[in-house]
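Here the structure comes first, spelled out in structure tokens, and everything after it is commentary.
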Amino acid sequence: MLSIAVVLLNWNGAPLLSRFLPSVVAHSPNAAIYVADNASTDNSLDVLRASFPQVQIVELDKNYGYAGGYNRALSQLNEDVFVLLNTDVEVSAGWLDPFVHAFQSDPSLGLAQPKILDVRFPERFEYAGACGGFIDKFGFAFCRGRLFDTLETDRGQYDDVATVFWTSGACLFVKADVYRELGGLDEHFFAHQEEIDLCWRAFNAGFTAKCFPGSAVYHLGGATLSHASSRKTFLNFRNSLCMLLKNLPAAWLFPIIFSRLVLDGIAGIKFVLEGKPSHCWAVVRAHFAFYGSMAQMLKKRGQKQRTDYFKVQSIVYAYFARRKRYFSDLFNNSL
């Protein structure tokens, strides 16, 4: 029987722990539950000790972000499978069961996720992962159930177990040996898109990622940085470029990254036209930060880069020019 560690990374999230941790405790009877605390300055630790004595606490000495916090916490654990679970996720009965069997029976399975629904609108997929993620040739992410800001209603249309390209950091299952082999999350990213980078590295190393919709969780989303945050815009644009430089096949590096820089410039103009100058400036800053980190990212390139990672040439073209709004429209209801 595989051992499972459910690990929640917390920073000043006492209200979220009080609201969502009870479901994790109630529905994870055979797992060890940990909260890794990124040096919170609120009463998070008091809440944990008073209300959740069965939860083990990993105290970190400062806020290392998502990537650094998890790397330090998971290095101290010995379970076979890690579940990186956001503190704003409500889980349901039996949510761990499909993954125990899957990881035991499939040696190539490296990462996995459940179906992720919106805790406020449970009939609707949630932005951060939905029913499993993909990227196009230019590194733009999309999901079964979510293209850009278009969120589908869950009608059971994606209830098949599917091989995906990336699994959501909101509820990320990863085999501990795979996590260690890949060197964990890239701490340069700090937060946002580091799970896609991890999955891409796993893909290049020959591991698969899958979504198991028989397990459902409910995500609040935006609890750390809202979609309106220019800081989030900065991290997403910078990290996406870093991810491309680390993982693209060598022959594609210049044409794809140059195309992304042009597309990002268009996005910046769009932000200005929408009255969001701070987000435009965040895109500019992201580009300069990327240029400054290019040498560091090139050193992180693996020995192998696969070329069969994308199922769509350009999700931007499909969405904005061809008006494709649903994942099933992209593939004629199949993968």
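The values are calculated or read from the model by the stated rules, or taken from the named source; none is laboratory data. Keep in mind that what you see is a predicted model, and the values were worked out from it rather than measured. Note: ideal-geometry Cβ built from the backbone for every residue, glycine included; neighbour counts use all protein chains shown.
Things worth noting here:
A quick yes/no check of all residues on (1) surrounded by fewer than 23 Cβ atoms within 10 Å (Cβ to Cβ); (2) touching a Phe, Trp or Tyr at 6+ places or on another chain (Cβ under 9 Å):
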residue: 143; (1), (2): no, yes
residue: 152; (1), (2): yes, yes
residue: 159; (1), (2): yes, no
residue: 163; (1), (2): yes, no
residue: 168; (1), (2): no, no
residue: 174; (1), (2): no, yes
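- Extreme residue, surrounded by the most Cβ atoms within 10 Å (Cβ to Cβ), among residues of segment 286-306 that are touching a residue at least 24 places away in the same chain (Cβ under 8 Å) and not in a helix (DSSP H, G or I): 305
- For segment 42-71, residues that are exposed (fewer than 13 other Cβ atoms within 10 Å of the Cβ) and more than 26 Å from the chain's Cα centre (by Cα) total 5.
- Residue satisfying condition, being farther than 20 Å from residue 212 by Cα and either of a type in the set (Ser, Thr, Tyr) or in contact with a Pro (Cβ under 9 Å, 6 or more places away or on another chain) (or both), within set 28, 51, 3: 51
- Residue ID - surrounded by the fewest Cβ atoms within 10 Å (Cβ to Cβ), chosen from residues in segment 237-284 that are assigned to a loop (DSSP other than H, G, I, E, B) and either modelled with pLDDT under 95 or of a type outside the set (Asp, Glu) (or both): 275
- Selection from segment 307-325 of residues that are in a loop (DSSP other than H, G, I, E, B) and surrounded by 15 or more Cβ atoms within 10 Å (Cβ to Cβ): 309, 310, 311, 312, 314, 324
- Residue match in segment 169-176 (condition: outside any strand (DSSP E or B) and more than 28 Å from residue 234 (Cα to Cα)): yes
- Within segment 77-99, none of the residues are surrounded by fewer than 18 Cβ atoms within 10 Å (Cβ to Cβ), free of Cβ contacts under 8 Å to residues at least 40 places away in the same chain and either part of a strand (DSSP E or B) or of a type in the set (A, V, I, L, M) (or both).
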